[in-house]
Structures are given as C-alpha cells and as structure tokens.
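Q: Mind looking over this structure? Questions follow.
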Amino acid sequence: MKEEIYTREILKIRLTNGRTVGRYLSLTEREYDTLMSLFLESTDYLESYLDLPTSREIDSISVGGGDFAEDDIKRLWASFMLEYNALSRTEKLDYVEKSYRSEEVARFYVGGTYRLKALSSNYSILYEYMPKTSQMYLEMAAEAGVIQQDMKTLEMMIDVLSSESTTENVENHFSITVSPLTGVYAGKQYYVESVKSETEIPREKAVETLEFLTEHGEFSYDPDKLIVRFNIQLYDLILLDLNPDYNVYYSYESSLSYSGPSVESSEVMYAQIILSLEETEWAAFWELIAPYCYQ
C-alpha cells in the first residue's frame, strides 16, 4: 500500500454573522495543491500573497553572502522594493516561481511580526527583474571584500589541486555548478564533478578551469556581457574501506551515486562568485568544461 504524505493546515472561516470558527485539516499533497490553486484564483488572496511586508512589520533584514553594513542592507532593500513593486502581477507570479530555482544573485532574509505572530520570509534578487538591485549588490560585495575572499579561496583550491603530493587513502572531490543568470542560457545549470565516473574531470583540467575564473571576468554587472554564477567546492574524500567490493557512495551535494570505497569528507573549501563574461570568454570557458559537464 502506497504511503500518503499529509499536510496539516489551520483553517479559519469567518461567518456572515461575524463569528470566526477554526478547523484543523489534514490534506494530501494533491488536495493541498488544489486548495492553493483555488486560493490563487482569489484576487484578494493573490494581492496579499504577492505583497511585500511593510516597514512596520519588519524587525530585521539580512542578505546572504556577506557581512554588510546595516545602512547598505536598507539601501539594497529599498532598491529591491522599488523594482519589485514596479512589476506587473504576471511578472510577480513569474518571479515567485523562479525564486524557487537557482537563478538568484543573492537573497534577503526578512524577519518581523504580523498581527502578533512572527513572520519569516526570504526574497531572491533576480537579475531579470531587479537589474539595478543586482548591480548594487555586486558593488556592495566587491566593497565588502566578499568577491576578493572568494578569489583567494579559488587560489587555495588551485594550490591544493596542483600539489603533486597526495596522502594515502585521500582523494580530492572537486565540483562546480555553473548558473548563467543572463543571456540565452539563463535559467540553466551545468555541473562538473570529480566523482561522477562517466564525466569525471581530471585534476589538471580542474586546475585549468579555476585558473580561467581567476584570470577572466569582472565583478560588476555589464549589460553587454553575460552574468554567470559559479558555486565551487573542494574537499577531501577520506577512503575508509579499501575492500575491492566497494560500497556505493552517495554524495549529498551532487545527488550522484559513486561506486568506490566508503568515504567521509573533511576540510571543505567553498566559494560562490558572480562574474561578467564576454561572449568569447564564455565560449572559451564552455570549451573547458563541456567534456565533463552534465545538467
């Protein structure tokens, strides 16, 4: 028998006599989706759903990716509100849908109070809908040293991968996720891994890829270039079981299966960097990763 997953919701109903009654409902995933579809057909619900919280309701705002000054965050949020509120309803709905994907430049985390209840929301800065806010964030990240620190991390990765000395029973796991934010490839993601046997990237090619990123691209938005986000990881895979009957290693980060020794990870290095690339630079980068890339 197939196990059903239920969502529990509190439903408040206001009667015509002014009385309010409440009920707990347990809904299957299909029933919940149907209910939400019906809500979204309501103009009042839709307007409320798409509205941003007011300044009176917000107690705190932070931005992922760096330790920014409070005044800079307020300035960034003000820019975000202007661009978001200028969107049509259709654009806002499209924005909400894309916010659940991985096309963001950065993300706001907003906490506060609504009718004596705590609220917690997050909002993506998407270049497609918030180009000025995207530019402002990239400038803030550069001024705060966020991007420079990520570049230093890339240089550390290059040093590790370039080293000829290897420790017994230790392998380096390198991965990079490439997310074009503008241009014809916007919305797509490309992955390169050192543990996916069919397209495993050699160490020297991983070094070449990282060196390319440290030597090309700019930190700020340029409308005539491609904006691309790179999420890069390097960590050790420590081989725990050298039995020839290898276990299957499941990588949480990549959701890939790998036939090899039992492993555990340590010494994680991670960097996320957004660069503006010329078309020729993107073509050169794509030529580097294409043989080892999958979607």
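The values are calculated or read from the model by the stated rules, or taken from the named source; none is laboratory data. Keep in mind that this is a model prediction, so the values were computed, not measured. In this analysis, Cβ positions are derived from the backbone assuming ideal geometry, glycine residues included, and neighbour counts consider all displayed protein chains. SASA here: full protein model, heavy atoms, side chains in, ligands and nucleic acids out. Shrake-Rupley method; radii C 1.70, N 1.55, O 1.52, S 1.80 Å.
Q: Per residue, how much accessible area does region 1-158 show when a 1.4 Å probe rolls over the protein heavy atoms, in square angstrom? Show your work: numbers first, answer last.
A: On the way: 10680 Å² over 158 residues.
Spelled out: the 1.4 Å probe surface of region 1-158, per residue, equals 68 Å².
Q: Next question. With a cut-off of 8 Å between alpha carbons and a minimum separation of six or more residues, what is the relative contact order of region 169-237 in percent?
A: On the way: 89 pairs, mean separation 35.0, N = 69.
The value is 51 percent.
Q: Ok, one more. At 1.4 Å probe size, what's the solvent-accessible area of S162? Round to the nearest 10 Å².
A: 60
Q: Also, I was wondering about something else. Output the direction-averaged projected area (hull surface divided by four) of the convex hull of the alpha-carbon atoms of region 1-146, in nm².
A: Values: hull surface 47.8 nm².
Convex hull of Cα atoms, orientation-averaged projection: 12.0 nm².
Q: Next up: Putting +1 on Lys and Arg Cβ atoms and -1 on Asp and Glu Cβ atoms, find which of Y84, G145, L38 reaches farthest to the positive end of the dipole of region 21-174.
A: Value computed over the given set: L38.
Q: Here's something else I'd like to know. Taking a 27 Å limit on the Cα-Cα distance, which of the listed pairs K92/K117; K74/K188; K132/K188; K92/K225; K92/K152 fall beyond it? The partial results should precede the final answer.
A: Numbers: K92/K117 25 Å; K74/K188 31 Å; K132/K188 22 Å; K92/K225 25 Å; K92/K152 37 Å.
With Cα atoms farther than 27 Å apart: K74/K188; K92/K152.
Q: Related question: What does the charge dipole of region 1-114 about its Cα centre add up to, to the nearest 20 debye, if the Cβ of each Lys and Arg holds +1 and the Cβ of each Asp and Glu holds -1?
A: Numbers: 15 positive and 22 negative charges, 108 e Å.
About 520 debye.
Q: So how many Å³ per residue does the convex hull of the Cα atoms of region 1-61 work out to?
A: With only Cα atoms used, region 1-61 gives 165 Å³ per residue.
Q: Let me spell out the model: positive unit charges on the Cβ of Lys and Arg, negative unit charges on the Cβ of Asp and Glu, origin at the Cα centre of region 81-126. What dipole size does that give, in debye rounded to 20?
A: Details: 7 positive and 6 negative charges, 62 e Å.
Roughly 300 debye for region 81-126.
Q: Taking only C-alpha pairs under 8 Å that are 6+ residues apart, what is the relative contact order of region 1-127 in percent?
A: 19 percent.
Q: Please report, in debye to the nearest 20, how large the charge dipole of region 55-212 is about its Cα centre when each Lys and Arg carries +1 at its beta carbon and each Asp and Glu carries -1 there. Could you put the intermediate results ahead of the total?
A: Working: 16 positive and 27 negative charges, 216 e Å.
For region 55-212, the charge dipole is close to 1040 debye.
Q: Per the 1.4 Å probe, what fraction of the accessible area of region 61-188, in percent, lies on carbon and sulfur atoms? It would help to have the intermediate numbers written out before the result.
A: Working: 3390 of 6870 Å².
Percent of accessible area from carbon and sulfur atoms in region 61-188: 49.
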